[in-house]
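Colleague: Quick one: the structure is below, questions incoming.
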Amino acid sequence: MLFRSQAARVQLERAGARALWSLDGGLLNERRGNGTPLQNNDTVSFDANTGVQFNAGAADRIETRAFIRRTIFASTTATVAAGRNTETLASQQHVPSAEGGASTVWFATRGRHSLVSGADLWLVSGQSTDNVFTAGRFATVRFGGGKQSSVGLFAEESFAVSPRDRKSTR
């Protein structure tokens, strides 16, 4: 059985007087054998994200992040004969997908009040193309896929009744 994997990751940060910027990215390239010469899986994936933490004042901080990811998965399956001496191709699958998103969060302190609010967005799409074989001959192709998006908003306030007690409302 064959297995090969390469991965790399890079991280950079840059700090200024009032802000911290970061960039992170990675790559994965993997090939897996599934026990017979015709049955294999391959995955290639790339991702990157960036962010900024900005001190807007003595009691305010804003954090913003964004990311992307692109992945391609490919697979072949086979039908193995009863004696396990031969195999025939049963399917070939190709599945690309992509996603991305962003978020912003504001942190503030006002006396005994701690405030946090923010928003985020996430988008993802993918599809699958399957070539199906019968007795080793191409029979049909199947398509599937979809898209999804999500948006979120939130806010929270914490109030210190005493130095030992905090009450939270959302």
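The values are calculated or read from the model by the stated rules, or taken from the named source; none is laboratory data. The structure displayed is predicted, hence computed values, not measured ones. Heavy atoms of the whole protein, side chains included, go into the accessibility calculation; ligands, DNA and RNA do not. Shrake-Rupley method; radii C 1.70, N 1.55, O 1.52, S 1.80 Å.
Colleague: What full-extension length gain, to one decimal in nm, is calculated for THR79 and ARG14 as 0.36 nm per residue of separation minus the Cα-Cα distance? Could the numbers behind the result be given before it?
Modeller: Working: separation 65, 0.36 × 65 = 23.40 nm, distance 5.38 nm.
Contour length minus Cα-Cα distance gives 18.0 nm.
Colleague: Residue separation times 0.36 nm, minus the C-alpha to C-alpha distance between LEU123 and THR43: what's the value?
Modeller: Values: separation 80, 0.36 × 80 = 28.80 nm, distance 2.08 nm.
Answer, rounded to one decimal: 26.7 nm.
Colleague: What accessible area, in Å² to the nearest ten, does a 1.4 Å probe give for PHE46?
Modeller: Approximately 100 Å² of PHE46 is accessible to the 1.4 Å probe.
Colleague: While we're here: Return the sequence-ordered ³J(HN,Hα) values of segment 37-50 in whole Hz as given by the Karplus equation 6.51 cos²θ - 1.76 cosθ + 1.60 applied to θ = phi - 60°, using x for Gly and Pro.
Modeller: x, 8, 9, 9, 10, 10, 9, 10, 9, 10, 9, 8, 8, 9
Colleague: Sort out for me the Cα centre separation of segment 1-21 from segment 83-106, rounded to whole Å.
Modeller: Going from one Cα centre to the other spans 24 Å.
Colleague: For segment 78-166, how big is the tail of P(r) above 14 Å, as a whole percent of Cα pairs? Write out the running numbers ahead of the final one.
Modeller: On the way: 2999 of 3916 pairs.
Looking at segment 78-166, the distances longer than 14 Å represent 77 percent of pairs.
Colleague: Continuing with this model, one more query. At 0.36 nm per residue, minus the direct Cα-Cα distance, what do GLN6 and GLN93 gain on full extension? Give it in nm, one decimal, please.
Modeller: Values: separation 87, 0.36 × 87 = 31.32 nm, distance 2.18 nm.
Residue separation times 0.36 nm, minus the Cα-Cα distance, leaves 29.1 nm.
Colleague: When the Cα atoms of segment 20-114 are enclosed in a convex hull and the volume is divided per residue, what value in Å³ results? Intermediate results must be reported in sequence, preceding the final value.
Modeller: Working: hull volume 11.4 nm³, N = 95.
Cα convex hull per residue, to the nearest whole number: 120 Å³.
Colleague: Under 10 Å, Cα contacts only: if you run a Gaussian network model on the chain, which one of ALA66, ALA81, ALA48 comes out with the highest mean-square fluctuation?
Modeller: With Cα springs under 10 Å in the chain, the top fluctuation among ALA66, ALA81, ALA48 is at ALA81.
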